[in-house]
Amino acid sequence: MVIGSQMIKRISFSFLCAFILLSGHAFSATDSESFLKRWDAYIKGDRIEIEIQLEDAFRILNKGSTTEGDLLRIQLIPSNLRTRLTDTNGQNTLRWTGDANIPLEVVDTEVLGGSRSLLVRFTKNVKFLSVTSANQDKSVIITIPAPAKVEAEIKKQEQKQKQKREATALPEVDQGIFAINLVSSRKRKILSEHENFPFDKGKHVYMAKALINNKNWYRVRLGFFTSLKKARQHASKLKGSYPESWVSEMTAYERDMVLKGNKLADMSQVKVKPLAGYKLPEVTVQRLEDLMEKAKKSMASKELGRATIIYNRVVAYPVQPYQRNALEFLGLARERKNQLAQAKSTYEQYLKLYPDGANAARVKQRLAGLVTLSMQPRDRLGKKGKSVDDASNWDVYGSFGQYYRRNTSSFNDESSEVTQSLLTNSLDVNARRRTDEDDIQIRLTGGYDHDVLDSAESEFRASSAYFDYATRDQEHLFRIGRQTRSSGGVLGRFDGVYYGKKIGAIYRANIVAGFPVESTADSLNEDKKFIGVSLDIGPVYDYWNFNLFGIEQRLDGHTDRRSIGGEVRYFKDGKSIFGLLDYDIYFNDLNILYMLGSWPISPKTTINFIADHRKSPLLSLSNALQGQTVTKIKLLKDNFTWDEIKQMAQDRAATSTTGNFGISHTLNPTWQVKGDLRSLLYLQQMLLGVCQRLMRPALIIF
């Protein structure tokens, strides 16, 4: 039986339509040729940072509820919201081949619902200090304690430096405003139980309100003392009656409130403005105290990046002792991050502002240590003798892959025919230099497919080819070339330029311009171009981040897309929410409304949800060219009115609404149970009608 080629196409498409309708959804795979790129481990103080590099940008959805073990599960979602996953896409396993003292074994991946999980296995139980994103969501950083051998060497070096510092130690200056905390209680009327105690004349007994773990506490204080030494001497006399008393430094706001006759010093009612030049809101004095406590905890848990952000914010407010202490510890955090130039500058700023202030002698010691001591550079584990932060060295690495594919076919025992003979070449090269001041990266990822049967069908592919520059304090970010962005209204690959400038403590202004890239095989397409601006805001109240954007895209001189929107992110204690709104004001229609989240309801149980309403493809004037014999919008104007062209563009952007609800429960360190419920509404009436019309001729022939 002979079947015509046209009929075969109909039958094939019929089966495709049936599959789409029966499965309930059809997603495209990520465009990347691999998922896991490489991983490395770096020593940093008494910790080890494990960097897992990804080919595409993925946001962290859930870090898991486990704080210790030999398996860490990290749930990721694509930063590019047009990307969908398949569980066979890309390289899925990397084995550790570096330093044998590092307890790493393998990193693996799995796909479930709308997310992909990284499974990082260790050779023994370790503590997970932190899990963060880096490199524009293309790297995941896991921090664990250093192994015993490495930690012992670090402590040895630290002891030597400590001995040098103690040899030139200066006495600590303790001038300021001090008070003795006598007792602390949840009872508001606790002051009446102590104000009749026979304290020395001239001292004030009062109550201070504090918010701890979202609960009000009341502290009975005795003030005021002009030096830490005097306060401690007086507190020692009271140990018999108040054995749990301790000394704290106060703000001038609290002292003045008490001297005016107030028995309750509530710093949550006192607001202060930032210094000129800082675009920050008014905050309460209590808020500054809370921020200092959070920064202290971040320093203790080695979350130096988070501590740096908080201290930078506190420095903007002229409230002592918070501003002074924040400036000192900001320098210390930068010193521990090996940002030595920034640390030196911060210490110098401290001594300029507070040359005779409390702890000035200690800051002088640290500054002298930066200048005179030989600081141990951060070493890349498994590559002895090589310093990552050596300004004269570039870290160059990459990979090259090649494989050959040949297909032959035969029919009814006739002679065989070669239908494909293809040599595929893949290249990935990275060059990176990191110093105390900046971070420079050059990357080229692409390939060449050589068609042996017809060389005219051979093609080059370029996934990325860019130059990237960033200052280590992230104040300036710059990238030019073929790149991928997933925020600010840009949802994919383009040839162009991006620049971001940090403004104050929580703002970053961004501008991006270029030419969209539909396929990695495409060269520069000057017919379609765009420019966009966005503003990053955050962290707000430590856990919230926002992005507002506007973008204009042009095609053949006409508006192709004009969108405004925003993003919101929340992360706290393993709880995360991400939302995106993209509205096209040229078509007056919604492009994307997207929300997903992960919420632990117990230490072992986490729920996940995804709600996705979008146009597919996204609204753009170029959609009108689909199914046409012309490739230019201006040629369509010969046969259609402008309103008809816009309507065709809208008609070709189908609306889909999807939802996913899942739950996972950890049974033990080895086993975890997961389940999810999905739904999809995809204008099935339209798709069903198209499929039925294409299927009917084939069914009649049979």
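So if I take the alpha carbon set of the range 446-503, get Rg, then get Rh from the Kirkwood formula, what is the Rg over Rh ratio?
1.20
Across every pair of different alpha-carbon atoms, what Kirkwood hydrodynamic radius in Å does the range 583-680 reach?
16.6
Our coupling estimate for the range 398-411, obtained by passing each phi through the Karplus curve with A = 6.51, B = -1.76, C = 1.60 and θ = phi - 60°, is x, 8, 9, x, 8, 8, 10, 10, 9, 10, 10, 9, 9, 9 Hz, Gly and Pro reported as x.
The figure for Ile577 is an accessible area of roughly 50 square angstrom, using a 1.4 Å probe on the protein chains alone. With θ taken as phi - 60° and the Karplus curve 6.51 cos²θ - 1.76 cosθ + 1.60 applied, the whole-hertz 3J(HN,Hα) list for the range 528-543 is 10, 9, 8, 9, x, 10, 8, 10, 8, 10, x, x, 9, 6, 6, 10 Hz, x standing for glycine and proline. With the convex hull of its Cα atoms as the shape, the range 246-363 has an orientation-averaged projected area of 8.4 nm². Find out how many positive minus negative residues lie around Ser399, taking Lys and Arg as positive, Asp and Glu as negative, among other residues whose Cβ is under 10 Å from that of Ser399. Value of the local net charge: +1.
Counted over the range 184-236 with a bin width of 10 Å, the fraction of Cα pairs per bin, in whole percents, is 22, 45, 29, 3.
With Cα atoms defining each centre, the range 574-638 and the range 262-305 are spaced 39 Å apart in the structure.
The values are calculated or read from the model by the stated rules, or taken from the named source; none is laboratory data. What you see is a predicted model, and the numbers here were worked out from it, not measured in a lab. Heads up, the Cβs are rebuilt from the backbone with ideal geometry, glycines too, and the neighbour counts pull from every protein chain shown. Surface accessibility is based on the protein's heavy atoms, side chains included, excluding ligands, DNA and RNA. Shrake-Rupley method; radii C 1.70, N 1.55, O 1.52, S 1.80 Å.
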